[in-house]
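Structure, as structure tokens:
The values are calculated or read from the model by the stated rules, or taken from the named source; none is laboratory data. Since we're looking at a predicted model, the values are computed, not measured. No Cβ is skipped: glycine too gets one built from the backbone with ideal geometry, and neighbour counts run over all protein chains shown.
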Amino acid sequence: MVMSRHGLMRWRVPSALLSAALALVLTGPVHTEAPAVAATPGSPQTTGRTETYRETRPVAPGVELSTVELHGPDGATGEPGWLQTYQMSVDLTSGVQIGRLFPGQVAARRPLLDLARDAGAVAAVNADYFDINGSGAPWGVAVQDGELLQSPLPNTKATQTDQTAVMFSEDQVGAIGEIVFEGTIALPGGRTASLDALNKAELLKDQIGMFTPVWGTYCRCHPVKGVEQTIEVVVRDGVVAEVAGVPREGPIAEGTFVLVGREAGAEALSSLRAGDPVSVDYGIRAPGDMKVKAAMSGRQLLVADGEPLELPAENNTPEPRTAVGFSADGTRMWLVAVDGRQPEFSRGIGLNELARMMADLGAHSALNLDGGGSTTLVARDPGRKDAELVNRPSDAAGTRPVPTGLAMFLPEGSGRATGFWVSTATERDRFPGPDPAASWRTERVFPGLTRRLRADAFDETYGPAVLPGKAGPRWRVADDRIGRVDRDGVFRALAPGGTTVTAKRGRATGDIEVTVLGELARLDTGSGRLNLLEKGAKGTFEVDGADSAGYAAPIDPADVTLAYDEAALDVTADETGAFTVTARAGDGEHVVTVSAGGVTSELIVGIGTSQGVVDTFDDTSNWDFWSLRATGTVSSTPDGHAGNGLKLDYDFTQSTETRGVGVWPAAGLLPVAGEPTAFKLWVKAEGHVHRTRLEVVDRNGTLHTIEPAFLTEPGWQQVTYDVPDAMAYPVSLRRIFFNELDPDAGYVGTLVLDELTAVVAN
């Protein structure tokens with residue numbers, strides 16, 4: 001084990017122990033920093049995978065976050081692959097406070113990072129499934145600071161699954177179990193009716209639901225869509241103010257609540273008139289009569305009495321996942337996020353394997369909170385004020401907005417420095433692979449080159465601390481034969497080997513392990529080519545190096561010399577070690593010569609684009625019909641944008657869930673020539689609101705879903721699908737499709753597709 005930072009542990013497994021399925025040829029020595037798998041809590045003894053990387057850092061007193069990389073067979077399919085997991089261990093007796101993140105309204109969503117930062121959380125994960133295609137409200141229970149915001153009513157949207165909840169008592173003991181809602185409506189004449197739900201996105205047959213100002217403005221008709229017999233009763237200051245046959249949208253004033261009924265529930269409220277007195281009484285019961293301070297729901301129970309549970313096969317596809325677990329006494333919590341849907345980075349995990357992972361960590365009980373594109377974990381670094389995104393969410397658009405999260409809070413510390421968190425100023429995205437290829441290892445450097453270090457002072461809570469005056473820490477190198485460090489924290493490497501660099505001020509210290517590799521042998525700028533669409537366009541690249549044995553590391557911009565045509569290009573570097581190129585000229589191709597440590601490389605910068613035809617859609621036999629909760633056909637039509645087009649006839653009346661229609665290549669993946677920066681497609685629509693998507697698979701087998709703006713207008717329109725930056729070319733087209741998200745929109749329609757082209761950089 002190597003202590004590479006203050007309180008940070010990291011190790012890698014000998015690459016020879018990885019599965020032969022890696023098919024990787026390594027050159028030079030392989031680092032053997034730790035045994036392959038230790039029989040300790042958290043090691044994957046029952047998952048069948050090998051741990052290849054672990055990094056652990058403190059987040060707060062009693063809170064540690066480990067980034068753990070695994071490789072091996074999937075627990076359900078047996079297919080070998082990478083798995084990136086993020087495991088947080090929380091001592092609930094340490095003073096950390098657990099709470100629920102909230103966007104201010106039940107029917108609202110925001111990215112988890114925004115919610116966490118606004119609330120001042122030191123760490124958080126997403127929680128609860130939610131009404132993703134409608135109100136955005138969580139399906140489960142919501143208790144915020146002891147106040148019930150939302151009932152835990154089971155519902156059909158949650159596929160009749162028990163609404164198992166994670167809950168915390170006022171003395172910070174955690175538990176997993178069922179929370180029961182009970183409510184009564186007092187009506188005129190001594191009559192009563194059952195109150196079945198509070199601020200829910202759905203009501204079951206014959207039920208009555210209550211909406212309060214915290215619900216928001218989303219239409220209260222949503223929970224009763226498609227129901228003929230409904231009613232809405234507005235109660236203000238204890239008396240009926242309005243009665244309407246159809247529930248409405250809009251804010252609910254303070255001192256007001258709204259009752260919505262359907263079928264027998266509507267009948268029970270039908271005699272109410274303006275001025276009638278109405279009151280409600282409701283509450284929840286929790287296991288052991290716990291006085292709940294915070295609660296939110298999940299879905300599948302993973303571990304019970306310390307034993308991992310077996311779930312049905314449909315729950316065991318590899319997906320991104322988020323889970324929570326507790327010790328038997330509820331004073332230790334584990335939060336786990338697993339990345340997925342990124343085959344070359346992390347495939348994802350099934351629930352049976354996730355259950356075994358939670359049991360391995362020591363969980364006596366565990367619950368699946370949510371997953372897919374919602375899986376998000378954020379946490380602060382020691383000495384930093386704000387949380388940062390830790391995992392790599394799977395949605396192509398970035399971090400998905402969610403309605404809630406499970407968060408950790410701490411009282412503000414003294415601000416007096418007790419230690420330093422030492423890191424490198426250069427940043428790189430981590431990727432899996434054997435040790436020599438790990439160019440993201442920023443603590444490595446080549447002889448004669450430098451690495452900028454930073455030291456963030458932290459107090460007793462690991463929050464930010466202020467040093468007296470403007471003085472920074474004093475820097476020291478344990479072995480000055482390996483390298484030297486100046487007063488600004490710039491380490492200059494002298495000879496191969498390892499050493500410790502320490503930052504110290506008074507009693508506050510922190511350190512980082514720095515490794516000096518062999519002499520720099522080659523430089524790498526990624527793909528070696530950067531494509532800019534037009535004058536003024538920008539792109540980025542990074543410079544990495546490798547020694548003769550194949551060990552890699554980033555090159556700091558201060559060590560890089562660039563030569564290029566300044567009339568055509570402008571190149572600047574930022575603090576993280578990335579270079580930004582701006583096109584000053586029009587179409588053309590230019591060379592940027594990159595030099596460092598006596599080694600040179602070239603980056604080709606192309607400016608301008610051309611369009612190439614991917615398919616004309618003249619021959620419909622090249623395409624197969626695809627649908628989701630819909631039926632339809634594909635055929636040729638002379639009514640194309642230019643000649644024949646491909647006609648999609650579809651029926652979206654068969655479901656209220658998300659429906660879809662589209663095409664995919666009949667021969668499988670359709671290779672696309674060049675390095676497309678965008679795709680363009682002519683679509684003839686009828687004015688329905690359709691989400692349009694195009695999928696490509698890159699050279700690593702990773703699926704990318706590209707989503708431009710929605711189709712809203714009738715007639716012909718050209719849709720542009722912008723390819724994400726840093727795509728691993730070449731790419732192949734997998735599917736083109738269109739979705740209807742509105743559960744209230746059911747119709748039969750037609751789309752015509754024509755002239756699919758790829759915008760390729762010059």
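Within the range 73-108, the set of residues being of a type in the set (Gly, Ala, Ser) and not in a strand (DSSP E or B) comprises Gly75, Ala76, Gly78, Ser94, Gly95, Gly104, Ala107, Ala108.
Of all the residues in the range 342-396, those that are of a type in the set (D, E, K, R), under 17 Å from Arg321 (Cβ atoms) and in a loop (DSSP other than H, G, I, E, B) number 3.
Taking into account only those residues within the range 370-384 that are surrounded by fewer than 22 Cβ atoms within 10 Å (Cβ to Cβ) and not acidic (Asp, Glu), which is nearest to Pro80 (Cα to Cα)? Reasoning before the result, please.
Step one: list which residues in the range 370-384 are surrounded by fewer than 22 Cβ atoms within 10 Å (Cβ to Cβ), which gives 372, 381, 384.
Filter again for not acidic (Asp, Glu), leaving 372, 384.
Numbers: Gly372: 20, Arg384: 37 Å.
The extreme case among them is Gly372.
Residues that are out of contact with any Lys or Arg (no Cβ under 9 Å at 6 or more places or on another chain) and charged (D, E, K, R) within the range 305-333 comprise Asp305, Glu307, Glu310, Glu314, Arg321, Asp329, Arg332, listed in sequence order.
Residue count for the range 402-423 satisfying the condition of being of a type in the set (Gly, Ala, Ser) and in a loop (DSSP other than H, G, I, E, B): 4. Write out, first by first residue and then by second, each pair whose Cβ atoms fall under 7 Å of each other, whose residues are 6+ apart or on separate chains, and whose first residue, in the range 78-98, is assigned by TED's automatic domain parsing to the domain that holds Asp339 while the second is of a type in the set (S, T, N, Q) and part of a strand (DSSP E or B). The qualifying pairs are Trp82/Ser346; Leu83/Ser346; Gln84/Ser346; Tyr86/Thr67; Gln87/Ser66. Just one of (1) within 30 Å of Ala537 (Cα to Cα); (2) within 32 Å of the chain's Cα centre (by Cα) fails for Val663. It is (1). The test for being part of a strand (DSSP E or B), assigned by TED's automatic domain parsing to the domain that holds Arg341, surrounded by 19 or more Cβ atoms within 10 Å (Cβ to Cβ) and out of contact with any Gly (no Cβ under 6 Å at 6 or more places or on another chain) does not hold for Val59. Tell me, yes or no, whether the range 224-239 has at least one residue that is under 26 Å from Gly104 (Cα atoms), acidic (Asp, Glu) and loosely packed, with under 14 Cβ neighbours inside 10 Å. Yes, the range 224-239 has at least one match.
The residues of the range 656-690 that are over 14 Å from Val731 (Cβ atoms), surrounded by fewer than 17 Cβ atoms within 10 Å (Cβ to Cβ) and of a type in the set (A, V, I, L, M, F, W, C), listed by number, are Ala666, Ala667, Val689.
Can you tell me how many residues within the range 250-260 are of a type outside the set (A, V, I, L, M), surrounded by 12 or more Cβ atoms within 10 Å (Cβ to Cβ) and within 36 Å of the chain's Cα centre (by Cα)?
So in the range 250-260, the residues of a type outside the set (A, V, I, L, M) come out as 250-251, 254-257.
Checking the rest, the ones that are also surrounded by 12 or more Cβ atoms within 10 Å (Cβ to Cβ) come to 256-257.
With the extra rule that they be within 36 Å of the chain's Cα centre (by Cα), the set shrinks to 257.
Of the residues in that region, 1 qualify.
Applying the set (1) more than 30 Å from Ile736 (Cα to Cα); (2) small (Gly, Ala, Ser); (3) touching a residue at least 60 places away in the same chain (Cβ under 8 Å) to Ala573 leaves exactly one unmet item: (3). Number of residues in the range 182-232 that are touching an Asp or Glu at 6+ places or on another chain (Cβ under 6 Å) and on the phi > 0 side of the Ramachandran plot equals 1. Of all positions in the range 356-369, at least one carries a residue that is assigned by TED's automatic domain parsing to the domain that holds Ala137, under 22 Å from Thr399 (Cβ atoms) and surrounded by fewer than 24 Cβ atoms within 10 Å (Cβ to Cβ).
Restricting the range 654-687 to residues that are part of a loop (DSSP other than H, G, I, E, B) and either of a type in the set (Ser, Thr, Tyr) or in contact with a helix residue (DSSP H, G or I) (Cβ under 8 Å, 6 or more places away or on another chain) (or both), the residue that is farthest from Trp626 (Cα to Cα) is Thr656. Determine if the range 709-720 includes at least one residue that is in a strand (DSSP E or B), under 24 Å from the mean Cα position of the chain (by Cα), at pLDDT 90 or above and not hydrophobic (A, V, I, L, M, F, W, C). No, there is no match, as no residue in the range 709-720 is in a strand (DSSP E or B), under 24 Å from the mean Cα position of the chain (by Cα), at pLDDT 90 or above and not hydrophobic (A, V, I, L, M, F, W, C).
The residue that is surrounded by the fewest Cβ atoms within 10 Å (Cβ to Cβ), counting only those in the range 617-653 that are in a strand (DSSP E or B) and small (Gly, Ala, Ser), is Ser635.
Look at (1) at pLDDT below 95; (2) more than 16 Å from Met167 (Cβ to Cβ) and you find that Glu254 fails only one, number (1). Scanning the range 535-562 for residues being surrounded by 13 or more Cβ atoms within 10 Å (Cβ to Cβ) and either more than 28 Å from the chain's Cα centre (by Cα) or among the small types (Gly, Ala, Ser) (or both) gives a total of 19. Scanning the range 216-251 for residues that are modelled with pLDDT of 95 or more, among the basic types (Lys, Arg) and closer than 20 Å to Ser135 by Cα returns Arg220, Arg248. In the range 571-578, the condition of being among the polar types (S, T, N, Q) and more than 27 Å from Leu694 (Cβ to Cβ) is met by at least one residue.
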